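Peer 1: The structure's right below; bear with me while I get my questions together.
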Amino acid sequence: MKSALLKRDLKLTPETSVSALKDVSFVADRGEAFGIVGRNGSGKSTLLKIISGILKPTSGIVRVNGRIAALIELGAGFHPEITGRENIYINGIMLGLSRREIDSRFDAIVEFSGIGDFIDQPVKTYSSGMYVRLGFAVAVHVDPEILLIDEVLAVGDEEFSQKCIAKIQELKYRGVTLVFVTHQLDQVRMLCDRAMWLDHGEVTSIGDPARVVDDYLQDVSGAMPAPPSPAPDTAKTEIEEERWGSGEVVLKRVVLTDSKGHELVALGAGSAVVVEMDVDVRVPQDDFVFGIGIYHADGSCVYGTNTDLEGLLPGRLDGSGRVRFLMPSLDLVAGTYRIDAAVHTRNGRAFDYRRGVLRFVVGSRVHDIGIYRPKHEWRFDGKIAFREIDNLKRNVPAPMAEYLRENEPKPKKKS
Amino acid sequence: MNELATLYRYRQLLAALTARDLKARYRGSILGFFWSLANPLLLLGVYTLVFTRFFPQQVVTPYPLFLFAGILPWTFFSAAVLESTNSIAGNAGLIKKVMFPAEALPLVVVLSHLVHFALALPILLVAMGIYAAMGQVTISPTIALTPFLMLLQTIFVAGVAMTVASASVLFRDLRDLVTNLMQLGFFITPIIYLIDRIDSRLLRALLRLNPMTPFVVSYQDVLFFGRLPAMSDALLMVAYALVSMIGGIFIFGRLRDTLAEAI
C-alpha cells in the first residue's frame, strides 16, 4: 500500500492485506475489444479499477493512451433527490464532458435510456432498471476512446440488453477500445477480439476469446479427466489452424466439397457448397451441438450457426458418423475465407473446436466489394443508358476486360 | 500546484456538485434555505436573551447585531468543517466506482456552506438597516471589505476541510474529535464576548492563538464597529489561509491514493 502517512505507523495498516492481482500484464490495442473472465473474487474488477485509475497498483505500471470512461457501476454518481435531467448533467461532467457537450447530447441520452417523461422526476422514483439504463446511456454518450465495462450488460431487460450490445458494437466499430468484465461468456465470444481468464489474480489463459472461454468453462465444469488428447490422427498439420476441446467427441476430418462430393479449395460466387465433418465419438454424449462459422480473412464473421440455435435438440451421440452442412448457394464476394467447425455442449464447453480448419478462396471477375453478394441485377427504365463495356474496363484489369469483351456479350449481369 | 490546476479543470464539476448539493438539500422541505439560518438565529436569540436580560453588563449595543456578525462566519467554518469529515466516506460510491477527483468532495461542502453564508448576509444587512434607522448604529463603508474576508476565510476553511476530510477516512475518531472541538471552539472564539474585555492577559493571548479569532474579530470590525481590521489580524488571516491551504493540499495529496481502499 502506498500510503505515506501510514508508513511509520504499522498498527494502522489494514490487518489483512491480500494481493488481488499478481503478474498480470497485457496489452489491449486501439480499437480492440478485450474480455476478462473469471470466477468471483478473481480480481477482474480490481483490474478495471486499476486501469481506470480509481485504485493505484502497489507495484507495476498501467499505461493508458486516450480518454477513458469506466462503467464500474452504472449510475454510481446519481443523487436520488434530484431529477434525471440534473443527474445527466452532473454524471456527464463527472465523466469529463462540458456542459455544452452534454447539451448537444442530451436528447440522444434520454432517447437511448427510454426514460421518457420521468426525466424530470427525482431519480429516487426510478425503478432499478431505469436507473441503470440512464447510467449506461450517459456513459456511452461520453465518446470515450477507452471504455471499461464491469458486468453491467447483465442489467435491464432483454430489450435494453440488446440495445447495449448493439451500442457497444457500434463503439467498437468506431475504434473505441473496450475492456470488459462479464460472466456472460457468449458476450465474450461474440464481442471480443481477445480475452483473458483471471484466476486468483493470475492470468490463466489469454488470447482467442473462444479458446479462453472454453478453457474457463472446462475448468468451471469441474476438471474432466482429460480424455485422449484431441486426435492428431488426421495427421495433416493445418497451417494456422487452432484447435482445442476436451476430445470426448472429435471432428476427425472436415472438408469442403461441391454438391457432388468433390473437394474444393476455390470456388466461384454462388456455388453450391457442402461442409462435411466426420465425427468420432470417444465418450457417448446426450448434450451436443454442431456448429459452423464462416469468417472473412479480415476476421469478421460472415455467418455462424449451430444445431442448437436452429432448434435441433440433441438426442444421442453414440458412435461415429458424418455431419453435412449444405449451402445451395454461397453468395460471397471475392476473397479469402475460413471456416470454423466445432462440436460442443449446449452451454459452450467444447469437445472439439477447430478454428480455421478450412480455408477457401472465392473468385469473381467483378470487383465488387464487401462480403455478401446478394443475388441481384440492374434494371433501367426511361432514358438511362450505359455502355457496359466501358464500365467493365474500369473494373477489371485490362487484359481480362479485353478477353471478356470478346467472349461475353452481357458481362455486367451478375448472378 | 498541480492540485490547483486540476481543480481549475474541474470547476464545472465543482459548480454542478455544489448546485446539486443545495438543490438536494432543500428539495422537499417547505422552509428550504431558512433551515440553514435556523441554527444561527436560535443561537442569536439565546445569547441575546442571556447577555441582555440575565447578565446585562459589559455588552456592546446593539448586542444582537454584534452577535450576528460573529455567528455567521463561525457557522460557515464549523458547519463546513464538520460536514467535510463525512464528505468522502459519505460518497464512497463516487470514490470507489467512478473516476472522480476526491478533493472535490470537501470543497463542494465548503462552497455550499459559503453559499449559505452569502445568502444570510442580506438578512444581516437588513438588520443593520433597521438599527441604523433607529439611530443605534451607523453603516460604515467598511462593509465593502466583507467579500475579501470571505475569500480569505474560504481559503482557510477549504484547507481545513481537505485535511479533515481525507484524514477522517483513515482515522475515524477524527469525526468525533472535530464535533467536540467545534463545541469548544465556539466559546474560545470571541463571538459572544469581546476579547478586549477579558482581564487576564494570558487568557487573551491564548484566545488569539485560535485561528478563527482574527477572522471573527475582523468581521465584527467591518460589519459592526465600522472600522478597518487591525493590521495584525489581517496578516494573521493571510497566514492562516495560506498555511491551511498548503497543508490541506499536502495532506490530501499524501492520502489520496489510499482513499479508495480505505473507505
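Peer 1: Determine if segment A:324-333 includes at least one residue that is over 25 Å from A:Ser246 (Cα atoms) and among the hydroxyl-bearing types (Ser, Thr, Tyr).
Peer 2: yes
Peer 1: When residues of segment A:94-137 are filtered for being of a type in the set (Val, Ile, Thr) and farther than 18 Å from A:Glu159 by Cα, how many remain?
Peer 2: Here the count works out to 4.
Peer 1: Still on this structure, I have one more. Considering only residues that are small (Gly, Ala, Ser) and in a loop (DSSP other than H, G, I, E, B), look in segment A:349-394 and name the one that is modelled with the highest pLDDT.
Peer 2: Among those that are small (Gly, Ala, Ser) and in a loop (DSSP other than H, G, I, E, B), it is A:Gly382.
Peer 1: Continuing with this model, one more query. Report yes if some residue within segment A:60-67 is surrounded by 21 or more Cβ atoms within 10 Å (Cβ to Cβ) and either more than 9 Å from chain B (Cβ to nearest Cβ) or among the charged types (D, E, K, R) (or both); otherwise report no.
Peer 2: Within segment A:60-67, not a single residue is surrounded by 21 or more Cβ atoms within 10 Å (Cβ to Cβ) and either more than 9 Å from chain B (Cβ to nearest Cβ) or among the charged types (D, E, K, R) (or both).
Peer 1: Sort through B:Thr154, B:Thr75, B:Thr138 and tell me the only one that's surrounded by 18 or more Cβ atoms within 10 Å (Cβ to Cβ), of a type in the set (Ser, Thr, Tyr) and either under 27 Å from B:Thr52 (Cβ atoms) or at pLDDT below 95 (or both).
Peer 2: B:Thr75 is the lone residue from the list that is surrounded by 18 or more Cβ atoms within 10 Å (Cβ to Cβ), of a type in the set (Ser, Thr, Tyr) and either under 27 Å from B:Thr52 (Cβ atoms) or at pLDDT below 95 (or both).
Peer 1: Does segment A:260-293 hold any residues that are among the small types (Gly, Ala, Ser) and touching a residue at least 24 places away in the same chain (Cβ under 8 Å), and which are they?
Peer 2: Within segment A:260-293, A:Ala266, A:Gly268, A:Ala269, A:Gly270, A:Ser271, A:Ala272, A:Gly291, A:Gly293 qualify.
Peer 1: Give me the residue from segment B:172-197 that is of a type in the set (S, T, N, Q) and within 17 Å of B:Leu72 (Cα to Cα) and, out of that set, surrounded by the fewest Cβ atoms within 10 Å (Cβ to Cβ).
Peer 2: It comes out as B:Gln183.
Peer 1: Just to check your reading of the model, which residue among A:Glu151, A:Glu170, A:Glu145 is under 20 Å from the mean Cα position of the chain (by Cα), in the same structural domain as A:Tyr89 (by TED's automatic domain parsing) and on the phi > 0 side of the Ramachandran plot?
Peer 2: A:Glu151
Peer 1: Moving on. For the subset of segment B:12-31 comprising residues that are part of a loop (DSSP other than H, G, I, E, B) and within 17 Å of A:His79 (Cβ to Cβ), which member is farthest from the other protein chains (Cβ to nearest Cβ)?
Peer 2: For segment B:12-31, the residue satisfying everything is B:Ser29.
Peer 1: For segment A:244-282, which residues satisfy the criterion of being touching a Gly at 6+ places or on another chain (Cβ under 9 Å) and farther than 28 Å from A:Val333 by Cβ?
Peer 2: A:Asp278, A:Val279, A:Asp280, A:Val281, A:Arg282
Peer 1: Against the conditions (1) surrounded by fewer than 21 Cβ atoms within 10 Å (Cβ to Cβ); (2) more than 25 Å from B:Ala239 (Cα to Cα), where does B:Phe66 fall short? Just the number, please.
Peer 2: (1)
Peer 1: Any chance you could count how many residues in segment A:93-114 are more than 9 Å from chain B (Cβ to nearest Cβ) and not in a loop (DSSP other than H, G, I, E, B)?
Peer 2: Number of matching residues: 14.
Peer 1: Now, a different point. Restricted to segment B:222-235, and to residues that are of a type in the set (A, V, I, L, M, F, W, C) and either in contact with a Cys (Cβ under 7 Å, 6 or more places away or on another chain) or surrounded by 21 or more Cβ atoms within 10 Å (Cβ to Cβ) (or both), which residue is farthest from the other protein chains (Cβ to nearest Cβ)?
Peer 2: In this case the residue turns out to be B:Phe224.
Peer 1: Return the only residue of A:Met196, A:Met190 being at pLDDT below 80 and under 15 Å from the mean Cα position of the chain (by Cα).
Peer 2: Checking each option against the conditions leaves just A:Met190.
Peer 1: Taking the condition surrounded by fewer than 17 Cβ atoms within 10 Å (Cβ to Cβ), out of contact with any strand residue (DSSP E or B) (no Cβ under 8 Å at 6 or more places or on another chain) and assigned by TED's automatic domain parsing to the domain that holds A:Lys167, does A:Ser128 pass?
Peer 2: It is true that A:Ser128 is surrounded by fewer than 17 Cβ atoms within 10 Å (Cβ to Cβ), out of contact with any strand residue (DSSP E or B) (no Cβ under 8 Å at 6 or more places or on another chain) and assigned by TED's automatic domain parsing to the domain that holds A:Lys167.
The values are calculated or read from the model by the stated rules, or taken from the named source; none is laboratory data. All values derive from a computational prediction rather than experimental measurement. We place every Cβ from the backbone using ideal geometry, glycine too, and count neighbours over all the protein chains shown.
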